Amino acid sequence: LLAGAAAVAAPAADCLAIALEPEVMVAGTRYRLGDVARFGGGGCAELGALELGKAPRPGYWAHITRHQVAARIERRWPGARGQIRWTGSQVVRVTATGESYPGADVSRVAERALRDALQDRYGRVEIAATRAVEDLILPAGRVTLEAAAPDAAAPAKRMSVWVDIAVDGEHYRSVPVWFAVSAWTRVIRVNRDLEHHHVLQPADLAAATIDVAGLPGPPVTDPALVPGQRLVRPL
């Protein structure tokens, strides 16, 4: 019980003399009380570290009021709200700094994921971005990229790969990257025009390597599956 009481003890009286700034610019994905306020005394690191919210995207802004700050302090230190002595602004306007991040890096991660997914299935793959990814403006912090490649079982002529962008381990946004795709594999095809109801024979078939991207269905790759089947339409 004593340990619990110490953990929630209100900050020192000098720390609860809080002056809000009218406008601040923050770095990173989140901002804290120490970013938007000055305190009446020193030794207020714990109060200054109180998280207030998610920083707006670079180029945008957010507002936080005395009432909202007091509510967050009260949740952390019950009973402290009545001891706050306010000065400064009633409302803080929060903007965020941004750093340029190369869109080419995003495109490379997406292309690698798509190529890895297709290369396991197809002997020859050609991938080309249909449009360059523009450079991004991201909050300051450690940027990590993770791409989710689409299903490679039926490749399309145009395929998108979504890249999730995280800053300091927190998801920030996702970007689609589009590619033109060709994927060659060895398939079984008929070697002449065949009528409706024709029963397929080995002599009707030939192996060929073709670009299967964009086919309406999976191609036949095992010749043993075909002979004896009757056509439901001309081929």
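Projected label points at R173 and Y60, each 7 Å from Cα along the beta carbon direction, are separated by 0.9 nanometres. Protection proxy ranking for 31-41, 124-134, using the average of other Cβ atoms within 10 Å per residue and placing the highest first: 31-41, 124-134.
Rounded to the nearest 0.05, the FRET efficiency derived from the C-beta distance between L235 and A129 at R0 = 25 Å is 0.10.
Full extension of the chain between R192 and M25 gives 53.0 nm of extra length, using 0.36 nm per residue less the Cα-Cα distance. Toward the positive end of the charge dipole of the range 122-179, with +1 on the Cβ of Lys and Arg and -1 on the Cβ of Asp and Glu, the farthest Cα among A132, V175, V143 is that of A132. When peptides 194-206, 106-118 are ranked by their average number of other Cβ atoms within 10 Å per residue, the highest-first order is 106-118, 194-206. Shown here for the range 157-216: trypsin sites (Lys or Arg not before Pro) in loop regions (DSSP other than H, G, I, E, B) with at most 16 other Cβ atoms within 10 Å, namely K157, R192. Remark: spin-label model distance D120-L205 equals 2.7 nm, labels positioned 7 Å along the Cα→Cβ axis. This model, with +1 at the C-beta of Lys and Arg and -1 at the C-beta of Asp and Glu, gives the range 136-235 a dipole about its Cα centre of some 300 debye.
The range 169-235 and the range 27-53 have Cα centres spaced 62 Å apart. For the chain, the dipole from Cβ point charges (+1 on Lys and Arg, -1 on Asp and Glu) about the Cα centre works out to 440 debye, to the nearest 20. Farthest toward the positive end of the dipole of the range 1-151, out of F39, W86, A117, is the Cα of W86, where the dipole comes from beta carbon charges about the Cα centre. How large, in percent, is the carbon and sulfur part of the accessible surface of the range 126-235 at a probe radius of 1.4 Å? Using a 1.4 Å probe with all protein chains present, the range 126-235 comes out at 53 percent carbon and sulfur.
Relative contact order of the chain, taken over Cα pairs closer than 8 Å and 6 or more residues apart, is 16 percent. Summary value for the range 107-235: 24 percent relative contact order, contacts being C-alpha pairs under 8 angstrom separated by 6+ residues.
The values are calculated or read from the model by the stated rules, or taken from the named source; none is laboratory data. Model, not experiment: these values are computed from the prediction. Note that we place each Cβ from the backbone using ideal geometry, even for glycine, and neighbour counts take in every protein chain shown. The accessibility values were calculated without ligands, DNA or RNA, using every heavy atom of the protein model including side chains. Shrake-Rupley method; radii C 1.70, N 1.55, O 1.52, S 1.80 Å.
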